[in-house]
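Trainee: Quick one: the structure is below, questions incoming.
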Amino acid sequence: MPESFIDFFKEKCKHGELWLPYCPHCQKAFFYPRRQCPFCLAEGWQWKPASGRGRVYSYTIVRVSALDEFRGATPYVYALIDLEEGVRLASNVVDCPEEILRPDMPVKLAWVTREGRQLPVFVPRDGD
Ligand SMILES: [Zn+2]
């Protein structure tokens, strides 16, 4: 992945904005950024801000972490989120009681600051 893709994504995250690569040829969004659209192989995709709305595809609750940097954070929810744009992201669900957490649960984008970086996470939202 070219460095400029990462820089753009990180810069937007710093400002609390989640942007996705979007292909104007087939009108699909995708993630991660790559040179060609993974659906139609066109080059020349553009960045587009995400709606921030999605649903939990699947999740696990991490109660014990083997990684030093996450030991103090347990328990936490590691989840795959399907955004409205058709993109699946790995993220965390926060501010969500375990008893309401479920696959297909509506969520919306939120931000947390960890080690000085703004990171996209998701919180429950009212269904639609
Ligand atoms: Zn395409």
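Trainee: Determine, yes or no, whether TYR57 is under 18 Å from ARG88 (Cα atoms), out of contact with any Phe, Trp or Tyr (no Cβ under 6 Å at 6 or more places or on another chain) and assigned by TED's automatic domain parsing to the domain that holds LEU89.
Mentor: Values: under 18 Å from ARG88 (Cα atoms): yes; out of contact with any Phe, Trp or Tyr (no Cβ under 6 Å at 6 or more places or on another chain): yes; assigned by TED's automatic domain parsing to the domain that holds LEU89: yes.
Yes; evaluated as a whole, the condition is true for this residue.
Trainee: I'd like the residue in the stretch 7-55 that is more than 16 Å from the ligand (Cβ to nearest atom) and farther than 18 Å from TRP111 by Cβ and, out of all such residues, is nearest to the chain's Cα centre (by Cα). Before you say what the answer is, go through the steps one by one.
Mentor: Start the filter on the stretch 7-55 by keeping residues that are more than 16 Å from the ligand (Cβ to nearest atom), which leaves 7-19, 49-55.
Among the residues that remain, those that are also farther than 18 Å from TRP111 by Cβ are: 7, 55.
Details: ASP7: 16, ARG55: 11 Å.
The qualifying residue nearest to the chain's Cα centre (by Cα) is ARG55.
Trainee: Hey, another quick one. What are the pairs with Cβ atoms under 6 angstrom where one residue, in the stretch 22-41, is in contact (Cβ under 8 Å) with a residue 12 or more places away in the chain and polar (S, T, N, Q) and the other, located anywhere, is in a loop (DSSP other than H, G, I, E, B) and more than 8 Å from the ligand (Cβ to nearest atom)? Sequence gap at least six, or different chains.
Mentor: The qualifying pairs do not exist here.
Trainee: Just name the residue that is modelled with the lowest pLDDT out of those in the stretch 109-128 that are more than 19 Å from CYS13 (Cα to Cα) and surrounded by fewer than 10 Cβ atoms within 10 Å (Cβ to Cβ).
Mentor: Going through the stretch 109-128, the residues more than 19 Å from CYS13 (Cα to Cα) turn out to be 124-128.
With the extra rule that they be surrounded by fewer than 10 Cβ atoms within 10 Å (Cβ to Cβ), the set shrinks to 126-128.
Values: ASP126: 90, GLY127: 75, ASP128: 69.
Checking each candidate, the answer is ASP128.
Trainee: What pairs can you find where one residue is in the stretch 93-117 and of a type in the set (Ser, Thr, Tyr), the other is surrounded by 10 or more Cβ atoms within 10 Å (Cβ to Cβ), and their Cβ atoms are less than 8 Å apart, with a gap of 6+ or different chains?
Mentor: What qualifies is THR113/LEU119.
The values are calculated or read from the model by the stated rules, or taken from the named source; none is laboratory data. Predicted, not measured: the structure shown is a model, and the values here were computed from it. FYI the Cβ positions are ideal-geometry reconstructions off the backbone, even for glycines, and counts take in every protein chain you see.
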